């Protein structure tokens, strides 16, 4: 079961990254070009939101079944987790930053829906989606990907 969830989380991450990059580019170009916010823009931002939340659910399951997560292992003190960079990455840094990134996407999506005109809609997305993308890129375990 662990292997299947691990591969699902790893390969779904490529889709998440691609969709968040596309949504970020779409939002920034919408702000720069001052174009009208349309159904395509709504779908792109919504698909980014949906993909990231699915990835979060997969990641939560993986967090509880992974052998790299030692929070729940008896006899492993927190100081050992925090002093080992690999353990700290998988147990603290990666989950926390990805939750922050998904929070940015959720906030940006929620705030953009409340705006009535195109410019503020794109502006909200252009603020929060790039922040989420930066957080994601900073905490992807690149060594495990390649």
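The values are calculated or read from the model by the stated rules, or taken from the named source; none is laboratory data. Computed from a predicted model, the values in this text were never measured in an experiment. Note: ideal-geometry Cβ built from the backbone for every residue, glycine included; neighbour counts use all protein chains shown.
Structure values in brief
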quantity: Any hit, segment 71-88, residues being touching a helix residue (DSSP H, G or I) at 6+ places or on another chain (Cβ under 9 Å), in a helix (DSSP H, G or I), surrounded by 14 or more Cβ atoms within 10 Å (Cβ to Cβ) and touching a residue at least 24 places away in the same chain (Cβ under 8 Å); calculated: no
quantity: Flag if residue 15 is out of contact with any strand residue (DSSP E or B) (no Cβ under 6 Å at 6 or more places or on another chain), in a helix (DSSP H, G or I), loosely packed, with under 15 Cβ neighbours inside 10 Å and modelled with pLDDT of 95 or more; calculated: yes
quantity: Options 8, 46; residue that is surrounded by fewer than 15 Cβ atoms within 10 Å (Cβ to Cβ) and in contact (Cβ under 8 Å) with a residue 12 or more places away in the chain; calculated: 46
quantity: Qualifying residue in segment 37-60 (condition: farther than 14 Å from residue 102 by Cβ, over 12 Å from the mean Cα position of the chain (by Cα) and not in a helix (DSSP H, G or I)); calculated: yes
